[in-house]
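The values are calculated or read from the model by the stated rules, or taken from the named source; none is laboratory data. Model, not experiment: these values are computed from the prediction. Heads up, the Cβs are rebuilt from the backbone with ideal geometry, glycines too, and the neighbour counts pull from every protein chain shown. Areas reflect the complete protein model, heavy atoms only, side chains present, ligands, DNA and RNA absent. Shrake-Rupley method; radii C 1.70, N 1.55, O 1.52, S 1.80 Å.
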Amino acid sequence: MRNTREVFHDLVLLYFRFIHNVIHTMIHEASFMHQFNEGTASMMHVYAMCALAARFSDNPVFHGIARGSRGKIYVSEAVRLAQQSIIIPSLESMQGLILIGYYYGGEGDPKAKHVYIGLARLHAETLSFWDVPRDGSPLSQEEHRRTWLSVNIGSAWSAIDISIEPVSLNHGLQVDLLELDDMAFQSLDPDLLQRTYRSPPSPYNMWAFMAKTLDIFNKTSVLLRRMSQGLIPFDDYCQEAAVLEGRLDQWEESLPLTLRYTTENVMSSVKQRLGRTFLAMHIGYHHFRQMLFFPFLDARREQYTGNLAKNAAQCKQSANIISGILRHSTDIEDCDLNCYIYGHIAVISSCVHLHTLLFSDNSDSLYVARQWLLLNFKYLMHVKSYWPVVDRSVARLRDFQSSCRDSVSDAFVLDNWMARFLIEHTSYLSERQTSTLQPSGLGPDSPTARSMCAELHTSNHVNNVEPDSEVGDISNLLHDQEVTSEALVNHAIDWLLE
């Protein structure tokens, strides 16, 4: 029943709506749908797309099956078909392997994800895929370039997920130089793309810009891990972080005015059916910034007062912007960011807001952090129902809350657990071992420490709310000034997890 052509058709359309052009860019939608309707589409692709997209379906054939479990009935067949071509590399095999890899990422299986994306990389290397063939249509050449870009992106993220340093796969090819812009690649009729076709000038080349941030992400991830393992001192981190900050600033400055993050540009991209891609580009940029500046939230680094304040503020600013992007994704039609990677980004943003609520005494900052944290939690409550890995990532928030409540250590110290938490979006992390060191200003008798240990469970306003409260009850707490930040955090996490 679930393998009927009608169900396949609906799920493939859902794949192009929610997954494609958000976490990867490989397949021209109109061409693929034409092949599907003609019965010539790759069934490995179809099954892999269905495995990713079934969670978003409201078709009654899935009644009684949890959204996060529906893909299993399709991925096994996609894997079987992939095994038939495992030593026959092709564009089709690479694309199918990447799709399967992303499915396992959503399941929270980073090893399986790395294996399948690694196979895609080996297929690409076997075919010298960095050399774009001169024959073929402009469309086929562009699928070639975008698949190679997606292999690069997937390889970097999956390597980081299993705690190894990513290897550059460029082989001299500048993967950011895409010939067709995003609007042309997504929308044009394949019959119009003849050998003499030239894409008209257009500002919508977001994947080309996103490609330029890949090396910055790699270097940031490696830098965080090196410092967390004690391989470099904080002074060295500051110096190298300043270089990466400069590169991020240059990237933002290089954006044309039509691609800057403004509400007007968001709405303009929506009209071109590129709203999700636009938001994905900007949320990725600000995620890299909140990662880079996260170590400056460490309360023990008093000797770095100037840089600490400046860079901690930049971390919080990017976390705030991420929350704003998530608000756009939920409020604006066809801007949904429902893929699991953005659940991870929302969790990291939420931790920055938690830091503000637990350690700041600025009333304006506290008010803003309350708003953004609860908005993030509403988003996470929605998206975690789709992806098992997000449900697991959300559960990590309890580790932060427990660290704050049960110890006097700074829960935001960049130890190895924290670095892995920041950069590994599909890995399983064991329970964090809290440090016994007392950061300056957080002794056992300090007001902040006492409030963490005592106030989290003492607010009558919180205790009067049932565990299965609706979103409205959480929102009411937001404006209740008698509810402390610590109590609000506790109840909000209870609501999100339970």
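In region 1-117, the ratio of gyration radius to Kirkwood radius, Rg to Rh, stands at 0.93 when only Cα atoms are counted.
Which shape class applies to region 1-48: rounded if a/c is under 1.5, otherwise prolate when a/b exceeds b/c and oblate if not, where a ≥ b ≥ c are the square roots of the Cα gyration tensor eigenvalues? Taking the square roots of the gyration eigenvalues as a ≥ b ≥ c, region 1-48 is oblate.
Amide H contacts under 5 Å for Ser42: none, restricted to partners 5 or more places along the chain or on a different chain, H placed in the peptide plane at 1.01 Å from N. Derived scalar couplings between HN and Hα for region 352-358 equal 5, 5, 4, 4, 4, 5, 8 Hz in order, rounded to whole Hz, by the Karplus curve 6.51 cos²θ - 1.76 cosθ + 1.60 (θ = phi - 60°), x for Gly and Pro.
Between Asp494 and Gln317, the simple label model (points 7 Å from Cα in the Cβ direction) yields a spacing of 3.7 nm. Peptides 91-99, 360-368 ranked from most to least packed by the mean count of surrounding Cβ atoms within 10 Å: 91-99, 360-368. Round to a whole number: what % of the accessible area of region 228-277 belongs to carbon and sulfur, probe 1.4 Å? Carbon and sulfur atoms account for 50 percent of the accessible area of region 228-277. Each peptide in 348-359, 383-394 gets a packing score, the mean of other Cβ atoms within 10 Å over its residues, and the list from highest to lowest is 348-359, 383-394.
If the chain linking Gln239 and Arg80 were pulled fully straight, counting 0.36 nm for each residue of separation and taking away their Cα-Cα distance, it would gain 52.4 nm.
P(r) for region 34-80, from all Cα pairs and a bin width of 5 Å, is 5, 22, 26, 20, 18, 7, 1 %, short bins first. Using only alpha carbons, region 55-121 has a radius of gyration to Kirkwood radius ratio (Rg to Rh) of 1.03. In the context of the full set of protein chains, region 307-370 has a per residue accessible area of 34 Å² (1.4 Å probe). Once you compute Rg and the Kirkwood Rh from C-alpha atoms, what is the Rg to Rh ratio for region 253-391? With Rh from the inverse mean 1/r over Cα pairs, Rg/Rh is 0.99. A 32 angstrom limit on the alpha carbon distance is what I want to check against. Which of Lys212/Lys310; Lys219/Lys384; Lys212/Lys316; Lys113/Lys271; Lys72/Lys219 exceed it? Over 32 Å apart, Cα to Cα: Lys113/Lys271; Lys72/Lys219. Given a 1.4 Å probe and every protein chain left where it sits, what share in percent of the accessible area of region 1-158 is carbon and sulfur? Carbon and sulfur: 53 percent of the exposed surface of region 1-158.
Percent of Cα pairs in region 102-167 per distance bin of 5 Å, from zero to the largest separation: 4, 18, 25, 21, 14, 10, 6, 3. Each principal axis of region 223-300 carries a Cα extent, and these read 48, 19, 19 Å when sorted largest first.
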